[in-house]
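The values are calculated or read from the model by the stated rules, or taken from the named source; none is laboratory data. It should be emphasised that the depicted structure is a prediction, and the values quoted were computed from it without experimental measurement. Cβ placement follows ideal geometry from the backbone for every residue including glycine, while neighbour counts extend to all protein chains displayed. Accessible surface areas use protein heavy atoms only, side chains included; no ligands, DNA or RNA. Shrake-Rupley method; radii C 1.70, N 1.55, O 1.52, S 1.80 Å.
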Amino acid sequence: MLTKEILDKFEGLEKVNVVFLGGSITAGAGSSDKSKCFANMTGEWLKSAFGAHRLNYYNKGVGGTPSKYGLLRFKRDVMACEPHMVFIEFAVNDKGQDTREYVEGLIRGLKSLPTKPYVAFLYTTNEDYTTDTTYFNELAQYYGIPEISLKDALKKHLNGANALEAGYLKDTVHPVDSGYQVYFEEMKRCLSLPE
């Protein structure tokens with residue numbers, strides 16, 4: 001997903017700024033330590049790929065917040081970071097409701113930034129993989145936004161077994177370290193930085 005064309009845009013930059021915007025799963029709820037959540041592990045991995053001196057990442061996960069609140073804090077939590085990459089994770093907290101106006105507001109806000117960031121939607125899951133991503137899918141198709149289904153990765157990893165019963169979630173939606181590790185491995189696989 002991070003093609004050579006995308007990476008070339010970052011080539012002359014002194015700093016590359018990455019923002020993870022989402023709810024409690026982005027923040028790392030359920031993990032033994034915040035460094036073990038998928039967003040922070042992905043940020044550290046990107047640091048190793050880009051060079052620690054060149055990459056800053058910002059975990060802007062706030063527990064219990066849907067995309068409506070993400071849009072409200074856009075200026076403070078996203079724009080202020082001058083992002084070059086933004087990963088958006090709100091599917092679980094949006095609960096299948098039609099939140100297109102808020103998500104589209106985020107997209108338009110991002111497209112208006114001078115940095116013209118790379119944007120991807122991330123889909124986490126509940127214990128039985130029924131998180132509805134319909135409205136995100138529609139907007140992703142319309143705007144050409146990549147989608148990373150951490151939900152499908154966990155389901156595949158567990159051969160469809162209930163993620164809570166299998167011990168990969170602390171409750172119905174928050175991963176424990178092993179769940180976050182599956183999410184992180186999928187992030188690495190999907191971003192697949194070219195050599």
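Key figures for this structure:
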quantity: Alpha-carbon centroids, region 137-178 and region 10-61: separation in whole Å; calculated: 19 Å
quantity: Selection from Ala120, Gly179, Leu169, by position along the positive dipole direction of region 62-184 (Cβ); calculated: Ala120
quantity: Normalised contact order of the chain, rounded percent, pairs of Cα under 8 Å and 6 or more residues apart; calculated: 26 percent
quantity: Rounded to 5, percent antiparallel among DSSP beta bridges of the chain; calculated: 5 percent
quantity: P(r) tail fraction, the chain - alpha-carbon pairs more than 22 Å apart, %; calculated: 43 percent
quantity: Portion, in percent, of the accessible area of region 96-195 that falls on carbon or sulfur, probe 1.4 Å; calculated: 46 percent
quantity: Reachable lysines, given that their alpha-carbon falls under 29 Å from the alpha-carbon of Lys9 and they are not under 8 places away in the same chain; calculated: Lys47, Lys60, Lys75, Lys111, Lys116, Lys188
quantity: Solvent-accessible area, 1.4 Å probe, carbon plus sulfur percent, for region 1-53; calculated: 53 percent
quantity: For region 105-195: accessible area per residue (Å², 1.4 Å); calculated: 48 Å²
quantity: Positive-pole candidate from Asn159, Phe87, Phe50, dipole of the chain, charges at beta carbon; calculated: Phe50
quantity: Global geometry of region 132-195, whether rounded, prolate or oblate, following the gyration tensor of its Cα atoms and the 1.5 cut on a/c; calculated: oblate
quantity: Environment charge of Leu122, counting only residues whose C-beta is closer than 14 Å and scoring Lys/Arg +1, Asp/Glu -1; calculated: -2
quantity: Relative contact order computed over region 68-152 (Cα-Cα under 8 Å; 6+ residues apart), in percent; calculated: 35 percent
quantity: Estimated translational D of region 41-141 in µm²/s (Stokes, Kirkwood radius over Cα pairs; 10 °C; 1.306 mPa s); calculated: 110 µm²/s
quantity: Glu185 accessible area, 1.4 Å probe, all protein chains in place, Å² to nearest 10; calculated: 80 Å²
quantity: For region 19-81, convex hull volume per residue from C-alpha positions, Å³; calculated: 74 Å³
